[in-house]
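The values are calculated or read from the model by the stated rules, or taken from the named source; none is laboratory data. Worth saying up front: this structure is predicted, and the values here are computed from it rather than measured. Cβ atoms come from the backbone with ideal geometry, glycine included; neighbour counts cover every protein chain shown.
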Amino acid sequence: MAGGDQQPAGDDRAVPPRRSPFGGRVVAAVGRSGPLCAGIDPSRELLLHWGLPDDAQGLRRFVRGCLDAFAGVVGIVKPQLAFFERHGAAGLGVFEELIAAAADAGLLVIADAKRGDIGSTMAAYADAWLGEGSPLAADAVTAVPYLGLGALDPVFDTAAAQGRGVLVVVRSSNPEGRPVQRARTDDGRGPSVEDALLAEIAARNGPGGVAGAALGAVVGATLDTSAFPLAEMGGPVLAPGVGAQGATAVDVGRRFGDCPPGSVLPSASRSLLEAGPDTAPLRRAAAQLQEELVAALPMP
């Protein structure tokens, strides 16, 4: 290794192994298990539906139930951080446990935190969610770009250095986001905000393809594509909105079928989780949707 990667003589600190780029790990996970990204959204309503208390202990049991059901059926899970943060420090402790348990089960974790800020604050978010040694560090984190995509450079740089990923919210599935995301840049003369973001992500990813990418995009599965061809973005696509929000596997195939094999991660949460708390029906729900998505999308 280069000199900067060597340990000084007498330094017995462990050097963590280098990870392969996030995009390549996504493609590999899809190749092993299929494209479904299973959401872990322990809302108050779902905790009660599972017969669990709305506290940290209920949260912990919910997470364990999800991981037991999803392991071996999906390759990627997406916990929504707000449902952990609402339980304070104890909830974040459960999230730390989730990170460790998912790794033991061979699952990639996308922390759906949607962070976005500037300067040292964004650097602190990068350390928390992607930094080596942080107990909260996931394989990837979602981020919002509306303070400027360049303001996210700290998370981009950390992701690239650590073999982790950043998924930038570009086209969200909620209708309230459309006026902002479809607005024209350059005083109405340029591309839409969403197309400008996709073009900049593509430029940052360069010509290496999805396998070498640290950056990707969040693009709602309920919405038709815009002018920028997603196949040219060069990174993973997280596509929320499958199931309860209305998108089907057929919709996913129609909207994302031209993307590189293994690059699209359709995400479902509530429609799966309502099949709990018993492991068998929850696993069956995930397996059924996985089968439909494998048939709808090109596989690596």
In this structure, is PRO53 buried (at least 21 other Cβ atoms within 10 Å of the Cβ) and part of a loop (DSSP other than H, G, I, E, B)?
no
Look through PRO16, PRO53 and report the one residue that is over 21 Å from ALA287 (Cα atoms) and modelled with pLDDT under 95.
PRO16
Within the stretch 208-221, take every residue that is among the aliphatic types (A, V, I, L, M) and part of a loop (DSSP other than H, G, I, E, B) and give me the one that is nearest to PRO175 (Cα to Cα).
ALA221
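Scan the stretch 133-150 for residues that are crowded, with 24+ Cβ neighbours inside 10 Å and within 13 Å of PRO79 (Cβ to Cβ) and report the count.
Total satisfying the criteria: 5.
Quick grid of which residues meet (1) crowded, with 23+ Cβ neighbours inside 10 Å; (2) farther than 30 Å from ARG44 by Cβ; (3) at pLDDT 95 or above:
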position: ALA199; (1), (2), (3): no, yes, yes
position: LEU238; (1), (2), (3): yes, no, yes
position: SER263; (1), (2), (3): yes, yes, yes
position: LEU272; (1), (2), (3): yes, no, yes
position: ALA280; (1), (2), (3): no, no, yes
position: ARG283; (1), (2), (3): no, no, yes
position: GLU291; (1), (2), (3): no, yes, yes
So VAL94 passes all but one of these: (1) surrounded by fewer than 19 Cβ atoms within 10 Å (Cβ to Cβ); (2) in contact (Cβ under 8 Å) with a residue 12 or more places away in the chain; (3) closer than 20 Å to PRO277 by Cα. Which condition number does it fail?
(1)
Residue match in the stretch 69-83 (condition: closer than 28 Å to LEU289 by Cα, in contact with a strand residue (DSSP E or B) (Cβ under 9 Å, 6 or more places away or on another chain) and surrounded by fewer than 16 Cβ atoms within 10 Å (Cβ to Cβ))
yes
Residues of the stretch 243-284 classified as more than 16 Å from TRP50 (Cβ to Cβ) and touching a Cys at 6+ places or on another chain (Cβ under 9 Å), total
4
Collect the residues in the stretch 105-126 that are in a helix (DSSP H, G or I) and either of a type in the set (Gly, Ala, Ser) or surrounded by 17 or more Cβ atoms within 10 Å (Cβ to Cβ) (or both), keeping them in residue-number order.
GLY119, SER120, MET122, ALA123, ALA124, TYR125, ALA126
I'm trying to understand the selection: among the residues of the stretch 19-43, which are of a type in the set (Gly, Ala, Ser) and either touching a Gly at 6+ places or on another chain (Cβ under 8 Å) or not in a loop (DSSP other than H, G, I, E, B) (or both)?
SER20, GLY23, GLY24, ALA28, ALA29, GLY31, SER33, GLY34, ALA38, GLY39
So how many residues does the stretch 235-246 have that are in contact (Cβ under 8 Å) with a residue 40 or more places away in the chain and either over 17 Å from PRO298 (Cα atoms) or assigned to a loop (DSSP other than H, G, I, E, B) (or both)?
7
Quick check on this structure: which one of ASP251, ASP187, ASP224 is in contact with a helix residue (DSSP H, G or I) (Cβ under 9 Å, 6 or more places away or on another chain), surrounded by fewer than 23 Cβ atoms within 10 Å (Cβ to Cβ) and in a loop (DSSP other than H, G, I, E, B)?
ASP224
Inter-residue pairs, beta-carbon under 9 Å, first at negative phi and in the stretch 186-212, second aromatic (Phe, Trp, Tyr) and surrounded by fewer than 18 Cβ atoms within 10 Å (Cβ to Cβ), 6+ apart
VAL193/TYR146
Hey, does the stretch 291-298 have a residue that's part of a loop (DSSP other than H, G, I, E, B), under 23 Å from ARG32 (Cβ atoms) and in contact (Cβ under 8 Å) with a residue 40 or more places away in the chain?
yes
Mind checking whether some residue in the stretch 157-179 is among the polar types (S, T, N, Q), crowded, with 19+ Cβ neighbours inside 10 Å, free of Cβ contacts under 8 Å to residues at least 40 places away in the same chain and in contact with a Lys or Arg (Cβ under 6 Å, 6 or more places away or on another chain)?
no
Among (1) within 18 Å of ARG25 (Cβ to Cβ); (2) part of a loop (DSSP other than H, G, I, E, B) - the single one ALA102 does not satisfy
(2)
